[in-house]
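What follows is a set of notes on a single structure, which appears directly below.
The values are calculated or read from the model by the stated rules, or taken from the named source; none is laboratory data. No experiment lies behind these values; they were computed from the predicted model shown. Cβ coordinates were reconstructed from backbone atoms using ideal geometry, including for glycine residues, and neighbour counts include every protein chain displayed. Each accessible area value is taken on the protein alone, full model and side chains, heavy atoms only, with ligands, DNA and RNA left out. Shrake-Rupley method; radii C 1.70, N 1.55, O 1.52, S 1.80 Å.
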Amino acid sequence: MLYAASGTFGATGILYTLDPATGAVLTTVGPLHDAANNLYGLTGLKYDPFTGILYGVTSGQSPTNPSYLAIVDPATALVTPIGPNGVVLTDIAIDPTTEVMYGISGFNQKFYIVNTATGLATQTGSTGIGFANGGGFAADMTGALFGVSNFSFYSFNKTSGAATLLGPTNLQNLVKAADFSPSNVFYGLEGGGGVIDNKHLRWLDTCDVTTGNCTRVGQINANDLDALAFIPQ
C-alpha cells in the first residue's frame, strides 16, 4: 500500500493512500493528530520492515511538535511523537538491511543518521551538493540510497553522505518525497517549490535509478503533499 501525507507551509496534515498505477487517491485515512487531537504536518514518511512501524518526520512548520520524529498509525492517522530531530529534515530513508535511518535537510548539505528511540539527527557526513531542494530520499531493497535535489537524481554514500550525480530527472517540478515500492521501483512525489509550494499540483512519478530520468504516472488529486511511503501488503 502506498501512503502519502501533507504538511507544507504549516498546513494541517492529512494521511492518504494512493494508487501506485495512477496516482489517484484511494482513501483519505484522516487528519494527522495525536492522542490530544493536536494536528501535525509531515515532510517525511517511511516504513521500518524490522518493527512494522511507520515513522514520520514533522515539518519545520508543523502545527504541533515541528521537526520531530514520530510514529504514524496507518489505519487511523494517529501520531505518537518520539522526540525532536534538532534539525529540519526534508526526508528520511530506512536501510532495510540494517534498520539505520538516514536524513537530509532542505537547509544545509549535512548528512544525518536519525536515532529512532529519541528522534535526534546526528551529522555523519556531507552530501557536497548544498541543501536538498525538494529532497525526495529513499533506500532500495539492498540498502542503497537515492534521492533528488533540484532537478538532478543522485546516489548517496551511506558512510560519508557524498552524493553522486546519476542524471537529470527531466521533470518540470521538484521531487518532494520518495520511496521504493516492494518491487524495488523508485517512486517520487513531484510538485512544489518556491514561495507558493502549497499551491503547486502534485504528481506521482517513477524514476530510473541508473539514468535519473523520471516519468509521470499520474496527477494526485490532493493538496500540500510532502511525504511518501510504501507498506508491503
Quick one: with all protein chains in place, what share of the accessible area of segment 6-80 is carbon or sulfur, to the nearest percent (1.4 Å probe)? 58 percent
Average accessible area per residue (Å²) across the chain - probe 1.4 Å, nucleic acids and ligands excluded: 38 Å²
Of the listed values (i) 44, 37, 36; (ii) 55, 47, 35; (iii) 52, 41, 34, identify the label whose number matches Cα extents along the principal axes in Å calculated from this model. (i)
If each residue of separation counts as 0.36 nm, what is the full-extension length gain between SER160 and GLN233 once their alpha-carbon separation is subtracted? 22.9 nm
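Please report the net charge: other residues with Cβ closer than 10 Å to the Cβ of ALA177, K and R +1, D and E -1.
Charge balance near ALA177 sits at -1.
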Expected max-MSF residue from ALA222, ALA162, ALA21 in the GNM of the chain (alpha carbon, under 10 Å) is ALA21
Give, as a single signed number, the net charge of other residues whose beta carbon lies under 12 Å from the beta carbon of ILE53, with Lys and Arg counted +1 and Asp and Glu -1. -2
Can you return the aspartates and glutamates within cross-link range of LYS176? Criterion is Cα-Cα under 15 Å, with same-chain partners fewer than 8 residues away left out. ASP91, GLU190, ASP197, ASP205, ASP224, ASP226
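Between THR98 and MET1, take the C-beta separation as r, use R0 = 30 Å, and let me know the FRET efficiency to the nearest 0.05.
Working: r = 24 Å, r/R0 = 0.79.
E between THR98 and MET1, to the nearest 0.05, is 0.80.
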Find the relative contact order for the chain and round it to a whole percent, using C-alpha pairs within less than 8 Å whose residues are 6+ positions apart. 18 percent
Describe numerically, in nm with one decimal, the distance between label points set 7 Å from Cα along Cα→Cβ at ALA75 and at THR118. 3.2 nm
Over segment 85-233, with every protein chain in place, what whole percent of the accessible area is carbon and sulfur at 1.4 Å, could you tell me? 54 percent
